[in-house]
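Q: This structure is in C-alpha cells; I'll ask about it shortly.
The values are calculated or read from the model by the stated rules, or taken from the named source; none is laboratory data. Predicted, not measured: the structure shown is a model, and the values here were computed from it. Here Cβ is always computed from backbone atoms with ideal geometry, including for glycine, and neighbour counts include all displayed protein chains. Calculation scope for accessible area: heavy atoms of the full protein, side chains included, ligands and nucleic acids excluded. Shrake-Rupley method; radii C 1.70, N 1.55, O 1.52, S 1.80 Å.
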2 protein chains.
Amino acid sequence: MTEDIYEKIMTLAKRRGFIYPSFEIYGGIAGFYDYGPLGAQLKQNIENLWRRFYLLNDTCVEISTPTITVSEVLKASGHVEEFTDLTVDCKACKRAFKAEDLLTDDTLSVEEALKEKKLKCPTCGKAFTEAYPTNLMFSTSIGAGEGRKAFLRPETAQGVFTNFHFLYRYNRERLPFGVIQVGRGYRNEISPRQGTLRQREFSMAEAEIFFDPKYKTHHLFDLVKKTKIHLFDNEKEFTISLDDAVKKQVINNQALAYYMYLTHEFLLAAGVDQKKFRFRKHASDELAHYATECWDAELYSERFGWIECVGIADRSAYDLQAHITASGTDMYAIRKFDEPKVVEQKKIVPKMDVLGPLFKGNAGKIKTLLETMAVTDSLKKLTVVLDGKTVEIPKNCYDIILVKETVSGEKFVPHVIEPSYGIDRVLYFVLEHNFVETTKKDEEYRMLQLKPAVAPVKVGVFPLVNNEELSSLGKQIDADLRDAEIISYYDACAGIIAISAVPITPQPVVSLWHGGK
Amino acid sequence: MTEDIYEKIMTLAKRRGFIYPSFEIYGGIAGFYDYGPLGAQLKQNIENLWRRFYLLNDTCVEISTPTITVSEVLKASGHVEEFTDLTVDCKACKRAFKAEDLLTDDTLSVEEALKEKKLKCPTCGKAFTEAYPTNLMFSTSIGAGEGRKAFLRPETAQGVFTNFHFLYRYNRERLPFGVIQVGRGYRNEISPRQGTLRQREFSMAEAEIFFDPKYKTHHLFDLVKKTKIHLFDNEKEFTISLDDAVKKQVINNQALAYYMYLTHEFLLAAGVDQKKFRFRKHASDELAHYATECWDAELYSERFGWIECVGIADRSAYDLQAHITASGTDMYAIRKFDEPKVVEQKKIVPKMDVLGPLFKGNAGKIKTLLETMAVTDSLKKLTVVLDGKTVEIPKNCYDIILVKETVSGEKFVPHVIEPSYGIDRVLYFVLEHNFVETTKKDEEYRMLQLKPAVAPVKVGVFPLVNNEELSSLGKQIDADLRDAEIISYYDACAGIIAISAVPITPQPVVSLWHGGK
C-alpha cells in the first residue's frame, strides 16, 4: 500500500462525487476544483452549520456583495500594495515560482537565501539572485474598451466594510454588531501546491464584528469562560481556560477569545478531531497588513502537518479608517454621553469659494474630510489623502475657529474582530478526520463516518429485493422524506450492486450517510 | 407623487437593507448591487425554495464549480464566438453603446437602422455608420506572467456539461437525470440599463436535465398535464393545458412542458402575481446559439413591461457534442438493447506509429476521436476538430475495417432541457408584485406582503413596554426561536420607534415579516 491518506481521500472523493480537479477534459489547471453531488451538499451543509453559529446563535446579519470589486476599494484596503507573494523567475526554464516554496532551510528568510545563493530552481538547479513581489489578485476590467479596473475579491470582508455606514444605521446605531458573508474568494497563486488546500478560487465564510474599542467584550463570555482551549504560541503548546487566557493577556481581549471559542465549537460540531486541533498565534512578522493580533485555528493532517483553516484577527480600526480616508465617507460611530456636554473646541471651516476652483471635483470630498478632522495644538499644516496621494490644503482654503457646542456624544472608528473561515479546508479536514479503513470478511473497506449535521445524504432507501411492491413502497418513503426536506438517496439496485461491489470498486465505500455519534 | 413603482421600491429597498448599488462610497458603477441583511436573506430563501422544487421534488443533484473558467471550455461552447452584443462607439463623446438600446424604430434591425442613419448617439446626436460585436464575458488570466486565458462564467451550465461523464456514472448510467447549480454568473454589459434587472454580476439557478432524445418525457407529466398555463406566441396570448400544448405541438415535448410547469409552480410559491405571468416563445431569430426551442417565463413590471426571468430551453445535443468534439472525451450515453446484437460495421483503426510522429501531443486525442467516429458510405475524407480548427487526417494514418461485433447497446449524445433562472430578477418581481401602499389615520404606509416561505424574517419579538421582566422574556423567546432555526427579529425599542416613525421615515414600512396567504 503506497498511497498516503491524501491520495486515498482524493481517490474516494473523485469516485464518489465529492471533489476533483476542474477542467480535466481540457487538461486541467492547478488550484481549481469541482464539487460533485456529495461534495456540493457537504459544503452547503458545512456553510449552513456555520450560519447556525453566527447568524442564528450570535445574531449576526448576513449580506451579499459582488465578487468583482472596483480597484478603489482594494487600493484603500491595502490589497493592491500588500497582497503579494515574493516571486522568482527562472529564465532558462521559463517558469515562475513562489520564493517561499523553494526555501529548503527553515532558518533563512527569502532575502537571506537569495544572498547565500541557496534559493534554487527546482527544475534546473540554477540559483536565483532576485525576487520581486507579485500581486495575487485576479484582475479584470468592467465595461467596453479599456473599461474600469477591477479585481476579484481576495476576501469577502471589504464588501462589509464599504457598507458599514448602512449597516450601522440598520442596527439602530448600536455596537457591537456582527455582519457575515459567505461566498467565493480568489487568490491567483503563482504555483499552487497542497492540492485542495490551496485553491485559486475558494469558498469563505467571514464574520466582521464591529466593536467600540473601549468595550471589546461579549455578552455571553461569562457563560463560556471556563471552556479550555489548546494554544500554541510558536514555542510551546498549552491548555488554558478562556478566562485565564484573557486575564493573563495571552489573548488580547474577551471578544477575540469569544470568537475563538465559537470557532472551536463550530469545528467540533462539523466533525473535526479535537486531538488534531490547536490555536496558533501569529508572530508579529507574519501578521497581515491589517491585523494587530491573529490566532489561527490549525488542524492536523497526516499528509500536510498543521494547516491554518480559520484566522481570528483583530483588524482594529484599520479598514474603516482606510475607507474613511480614501472615500471621505462618514463611517464613524457615536459613543453617546450620559448627559449632553458643552465643549469648546477648534473646528475647521472650509471655504468652498476657494476650495471649489482649486480642487474642482474633489472639493466636496475635501470639505467632508476637513470638517471631521480633529484639530490638535500641534497641527502645523493640513493634509488629506486623495486617490492614495497626500495633498496639502493651502491656508487660504479654511478658517480654524473656536466653537462652543452642546455635543451628545463623541465620534470614533469602530474596531473589527474577524473570524475568517476557509470552507474548502474545513471540508477537507472533515473528510480526513472522519476517514476510516477497516476489513470485513477479508475485504478492505474505506468509509467516511460523517456527523449527521454535515452528511450530504441523511437517509438511504434500498428495497434490496427486486419486487414491485417493495420498490413502490421504497419510492413513496423517499418522496415523503424529500417532502419533509430531508435529502434521501433511493436506489433500487443497491442490493445487487453491493454484491458485485468488489470487481467494480476495489475499495467500496459503505455508509457514506452513516452519521457519527 | 412623481416616483414610479421602481423608484418607490428602490427607495424602500435601500432604506430597509434589501438591495442598493455597490461601491457607492467610490462613486458606484452601473450593474453591481449589494444585498443588505434583508435582501441577502430573501435571496437565500428564494434559492432554497427553488432547491425544494429541483433538488428535493425533482430529485436532481447539485454540483458546484468555479466561476473562473478556462477559455477552452467557452471556446468549445460557442461563447467566445457568439456571446456578443453589437456595439457602436461615438468617437466625439468617447462612449460605447449597445446598438440595440439606441433603436428608436421597432420595425428596423440594427443593420437597417445603420444604413438609414437612424441609429444616433444619444448624447451628441451623430448618426453611427458601423457596429461591431463585443464579447460580453469578463476576461482574466490565471497564474504569473501572461498566464492562462480565462473568463468569468456567463452561465453555470458549462460546469455541468464538462462534468457529464462523471455525473452519468454517478447516476449509474441511467437517463434521464438532472443536475443543478446555483451561483454567480457574469455578463460585462456595454452600458447596463434597467437597474437591478440588468446586473453585470448576478445570481443564477440552473438545472440541466439530460434525456435520451427518443424519450423527452417526464414520469410525473400525467399527474400535472391538466394544469393550464398562459402562453404568448409573439402574436396572441392564450391559455392552454400542458397536455393540449404538447399534443398540438405548441410545446415541442413533454419534458419541456413539465419544466415550464415546475417554473410556474415555483414562481407562484415565491409570491409572483399569476395575473402578471406568461410564457413567451422565442422566435427563431432570437434563439441563443445553443437552443432549438426556448420559452421565457415573463413577468410584468409596471415600469419595465414584460421581462424575461426564466428561460426554459431545449439545448438538444449542442453542448455535449461540442465538448466531445473539442476535447475528445467520451461523453456519450448508452441505450441498451433488450438483447445483445451481432452487428457488422465499419470501424476506423488508427495507426499510432504514423499518427504519433505526425501529430505528437494531439495523437492520443485524434485516436479517441477516430475510434468513436461513425463510418458512413459517403465518407470521402476524414476530418477532426483540434483547438477549433478542422484538420484532415491523411489516409495512411488509419485503416477502415469491417468487423462483426456483439454489441449490448448503442451510443448517443444525450439531449438537455435547461430551465435557467435569473434569481435577482425573480427577487425584484417578488418585491414589485408584493408592494402595497395604504393609508391609515391619514398616514401613508408602504408595505411588502411577502410569503412566509421567502420572507427574510419570520417572527418579530417586541416587548413594546420598557420593562426588565418583559424584555428578558422577549430575549428568551428570540433565543428559543433561533435555536429552532427560525430567524427572528428582536427589538426592545420597536414600540418607541413605532410612535416616532413619522419624522424618522416619511413612509414607514410595517410588517416586513407579514406573510401573504
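Q: For the stretch B:270-292, does any single residue satisfy the condition of being touching a Lys or Arg at 6+ places or on another chain (Cβ under 9 Å), over 23 Å from B:Glu302 (Cα atoms) and part of a helix (DSSP H, G or I)?
A: no
Q: Can you tell me which residue within the stretch A:439-487, out of those that are under 35 Å from the mean Cα position of the chain (by Cα) and free of Cβ contacts under 8 Å to residues at least 24 places away in the same chain, is nearest to the other protein chains (Cβ to nearest Cβ)?
A: That would be A:Arg482.
Q: Can you find a residue that is at the interface with chain B (Cβ under 10 Å from one of its Cβ atoms) and free of Cβ contacts under 8 Å to residues at least 24 places away in the same chain anywhere in the stretch A:91-98?
A: Checking the stretch A:91-98: at least one residue is at the interface with chain B (Cβ under 10 Å from one of its Cβ atoms) and free of Cβ contacts under 8 Å to residues at least 24 places away in the same chain.
Q: State yes or no: is A:Pro463 modelled with pLDDT under 90 and open to solvent by less than 30 Å² (accessible area, probe 1.4 Å)?
A: yes
Q: Separate question: Could you please give the count of residues in the stretch B:70-82 that are buried (at least 21 other Cβ atoms within 10 Å of the Cβ) and either more than 9 Å from chain A (Cβ to nearest Cβ) or over 21 Å from B:Ile142 (Cα atoms) (or both)?
A: 3
Q: Is at least one residue of the stretch B:321-330 open to solvent by less than 10 Å² (accessible area, probe 1.4 Å) and farther than 30 Å from B:Thr372 by Cα?
A: Within the stretch B:321-330, none of the residues are open to solvent by less than 10 Å² (accessible area, probe 1.4 Å) and farther than 30 Å from B:Thr372 by Cα.
Q: Give the residue that is modelled with the highest pLDDT, with candidates limited to residues of the stretch A:424-445 that are surrounded by fewer than 20 Cβ atoms within 10 Å (Cβ to Cβ) and touching a helix residue (DSSP H, G or I) at 6+ places or on another chain (Cβ under 9 Å).
A: So the residue we want is A:Phe435.
Q: Okay, next question. Taking helices (runs of 4 or more DSSP H) that do not extend beyond the stretch B:163-253, which have at least 1 residues that are closer than 30 Å to A:Leu12 by Cα?
A: Output list reads B:164-170.
Q: Select, from A:Ser327, A:Ser301, A:Ser284, A:Ser316, the only residue that is closer than 26 Å to A:Ile5 by Cβ and either touching a Pro at 6+ places or on another chain (Cβ under 9 Å) or not aliphatic (A, V, I, L, M) (or both).
A: Exactly one residue qualifies, and that residue is A:Ser301.
Q: What residue, of A:Leu268, A:Leu242, A:Leu287, is in the same structural domain as A:Ser77 (by TED's automatic domain parsing) and under 17 Å from the mean Cα position of the chain (by Cα)?
A: It is A:Leu287.
Q: Quick check on my filter: what residues within the stretch A:202-216 are within 11 Å of chain B (Cβ to nearest Cβ) and open to solvent by 10 Å² or more (accessible area, probe 1.4 Å)?
A: Within the stretch A:202-216, just A:Phe202 meets the criteria.
Q: Of the residues that make up the stretch B:103-113, is at least one touching a residue at least 24 places away in the same chain (Cβ under 8 Å) and not assigned by TED's automatic domain parsing to the domain that holds B:Arg303?
A: Yes, some residue in the stretch B:103-113 is touching a residue at least 24 places away in the same chain (Cβ under 8 Å) and not assigned by TED's automatic domain parsing to the domain that holds B:Arg303.
Q: Select from the stretch A:15-49 the residues that are touching a strand residue (DSSP E or B) at 6+ places or on another chain (Cβ under 6 Å), at the interface with chain B (Cβ under 8 Å from one of its Cβ atoms), under 20 Å from A:Arg425 (Cβ atoms) and assigned to a helix (DSSP H, G or I) and list them in ascending order.
A: A:Gly39, A:Ala40, A:Lys43
Q: Another question about this same structure. Only strands (runs of 3 or more DSSP E) wholly contained in the stretch A:362-459 count here; list those with 3 or more residues that are closer than 30 Å to A:Cys294 by Cα and of a type outside the set (Ser, Thr, Tyr).
A: Correct list: A:398-412, A:415-422.
Q: Of the numbered conditions (1) farther than 19 Å from A:Asp314 by Cβ; (2) open to solvent by less than 20 Å² (accessible area, probe 1.4 Å); (3) away from chain B (no Cβ under 14 Å); (4) over 18 Å from the mean Cα position of the chain (by Cα), A:Ile190 fails exactly one; give the number of that condition.
A: Here A:Ile190 clears every test but (3).
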